[in-house]
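Participant: Take a look at the following structure, please.
The values are calculated or read from the model by the stated rules, or taken from the named source; none is laboratory data. Everything numeric in this text was worked out from a predicted model, so none of it was measured. Reconstructed Cβ throughout: ideal geometry from the backbone, glycine too, with neighbour counts over all protein chains shown.
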Amino acid sequence: MSTRNSKLRKSIDIAIVGGGVIGLSIARALAHPGVSEIVLCDKGELGKEASWAAGGIIGPQVEADCADDFFKLACASRDLYPEFAQALHEETGTDVELDTTGTLYVAFTEDEEAELRQRYEWQWDAGFRIEWLNAKDVRSLEPDISNQVRCALRFPDDWQVENRKLVDALIASSRKFGVKLLPNCEITSLCCDHNRVVGVNTANGIISASAVVLCAGAWTSSITTPAAASAHVQVEPGRGQMLCFKPAQPIARHVMYSKRGYLVPRRDGRLLAGSTSEHVGFDKRVTDEGVSSIKSMAFEIAPGLRGTPQVDSWAGFRPRALDELPVIGPDEEIEGLFYATGHFRNGILLAPVTAEIVGNVILDEVSPTVLQTFLPNRFSAIHTLS
Ligand SMILES: Cc1cc2nc3c(=O)[nH]c(=O)nc-3n(C[C@H](O)[C@H](O)[C@H](O)COP(=O)(O)OP(=O)(O)OC[C@H]3O[C@@H](n4cnc5c(N)ncnc54)[C@H](O)[C@@H]3O)c2cc1C
């Protein structure tokens, strides 16, 4: 963490709306250097929405086909993880189970093999760690993998974290550093005086604050912002279903992807399988179709999973902005309003870098020009045209 030196900024009070991994990481980053009053409100239990439903994959490289701004942001966040996990361990005693075994992407068809070949070539040329494995190599690393696998890529620097433990650690750390955590406290709208934030409205009255960070995940658009706000951020829920197996013996060491989904082996012997990507609003049901498509993906990668008991299933809402990119930074028109939302399929991965950026922007007033691609006002033009 950088040293802060602005007395004025340290005395500001901040309301954070949303207690998922994004809101909690920001609260911790702001509380660390000693901002006097930070309140974090969640409409329900802390950390029990997308951040709890996720697979915990920290994988910027595995699906990347070019080094665009999103890739750079994702790699920067991945690179922060070892220090982030270590610091949380020291602060709270919770091990978030950062697992650096690596990630495999397996190919079953000629087309899939060609896709992997392209990914291998650009990432190798760009200097990223990546390994090409033939079928025999794959089976020596993962003996339970299907004998239909033609080849695979191995990404030694794409990892996983136990996201539920991460949420627990972030709650404990935020509390330890003095953040006031308010579960069951729904924010309905922002309070503004002219074009300046002065607080947030709850069913029980106003919480005053001179800065507000909106990190309400898939619900961000339901919080009323002033008409003058430049951002016009629209975030929708993208439902993802997950299954959890408990094999008698471990079936995978690596996180394993195919074109149709992924398997995530947990330290306690559970094996997660995901996921679906659906636009069905806020419907959290696990469906027969979802279960059947995830199972067929999982059995294709590891046929030995057939007959293994499925011990759990759940669904969550990925926060999806119109362009599927995160929305991070200040509103241009409303002073004191900041966004950190729209992390879609990568909010666990992006939590450390998002917290660092928002912390810097709020406390040090660093110019956010570096974040151009992710700034909330990129949607103003779309709004004006429509
Ligand atoms: C099935 C699935 C698998 C995933 N796998 C991965 C993965 O492997 N790796 C990865 O990086 N990402 C993954 N993701 C995405 C990741 O989970 C999300 O991007 C991330 O959790 C978003 O965090 P968040 O804090 O923005 O949202 P959330 O965790 O949803 O938190 C938002 C919080 O805001 C609260 N809130 C909403 N409205 C209000 C209000 N009006 N007032 C107060 N509080 C409010 C909610 O109650 C909620 O707790 C996955 C997601 C799903 C669904």
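Matching residues to (1) modelled with pLDDT of 95 or more; (2) within 9 Å of the ligand (Cβ to nearest atom); (3) among the small types (G, A, S):
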residue	(1), (2), (3)
A27	yes, no, yes
L30	no, no, no
G34	no, no, yes
I57	yes, yes, no
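Participant: Separate question: Which numbered condition trips up R260, out of (1) in contact with a strand residue (DSSP E or B) (Cβ under 7 Å, 6 or more places away or on another chain); (2) within 16 Å of the ligand (Cβ to nearest atom); (3) basic (K, R)?
Facilitator: (1)
Participant: Just to be sure before I move on: is V62 away from the ligand (no atom under 12 Å from the Cβ), β-branched (V, I, T) and in a loop (DSSP other than H, G, I, E, B) in the structure I sent? It would help to see each step written out before you state the result.
Facilitator: Numbers: away from the ligand (no atom under 12 Å from the Cβ): no; β-branched (V, I, T): yes; in a loop (DSSP other than H, G, I, E, B): yes.
When the stated conditions are applied, V62 does not pass them.
Participant: On the basis of being free of Cβ contacts under 8 Å to residues at least 12 places away in the same chain and under 19 Å from the mean Cα position of the chain (by Cα), does D69 make the cut?
Facilitator: Details: free of Cβ contacts under 8 Å to residues at least 12 places away in the same chain: no; under 19 Å from the mean Cα position of the chain (by Cα): yes.
The answer is no for D69.
Participant: Still on this structure, I have one more. When you look at K246, is it of a type outside the set (V, I, T) and within 30 Å of L141 (Cα to Cα), yes or no? So that I can check it myself, show each step before the final result.
Facilitator: Details: of a type outside the set (V, I, T): yes; within 30 Å of L141 (Cα to Cα): yes.
Against the criterion (of a type outside the set (V, I, T) and within 30 Å of L141 (Cα to Cα)), K246 qualifies.
Participant: Next question, about the same structure. Which one of the conditions (1) surrounded by 15 or more Cβ atoms within 10 Å (Cβ to Cβ); (2) at pLDDT below 95 does T287 fail to meet, given that it meets all the rest?
Facilitator: For T287, the exception is condition (2).
Participant: Within region 155-201, which residues are within 30 Å of C75 (Cα to Cα), over 20 Å from the mean Cα position of the chain (by Cα) and crowded, with 20+ Cβ neighbours inside 10 Å?
Facilitator: Correct list: V179 only.
Participant: How about region 78-91: which of its residues are in contact with a helix residue (DSSP H, G or I) (Cβ under 7 Å, 6 or more places away or on another chain) and under 21 Å from L153 (Cβ atoms)? Before you say what the answer is, go through the steps one by one.
Facilitator: The initial filter retains those residues of region 78-91 that are in contact with a helix residue (DSSP H, G or I) (Cβ under 7 Å, 6 or more places away or on another chain), namely 78, 80-81, 84, 88, 91.
Matches in region 78-91: R78, Y81.
Participant: Please tell me if T109 is at pLDDT 95 or above, of a type in the set (S, T, Y) and more than 16 Å from the ligand (Cβ to nearest atom).
Facilitator: Details: at pLDDT 95 or above: yes; of a type in the set (S, T, Y): yes; more than 16 Å from the ligand (Cβ to nearest atom): yes.
Criteria met by T109.
Participant: Show the residue pairs that are 6+ apart or on different chains and have beta-carbon atoms under 6 Å apart, the first residue being within region 18-35 and of a type in the set (S, T, Y), the second being within 8 Å of the ligand (Cβ to nearest atom) and at pLDDT 95 or above.
Facilitator: S25/A351
Participant: Let me ask something additional. Sort out which residues of region 224-251 are within 15 Å of the ligand (Cβ to nearest atom) and buried (at least 20 other Cβ atoms within 10 Å of the Cβ), and write them in order of number.
Facilitator: Within region 224-251, T225, V233, V235, P237, G238, R239, G240, Q241, M242, L243 qualify.
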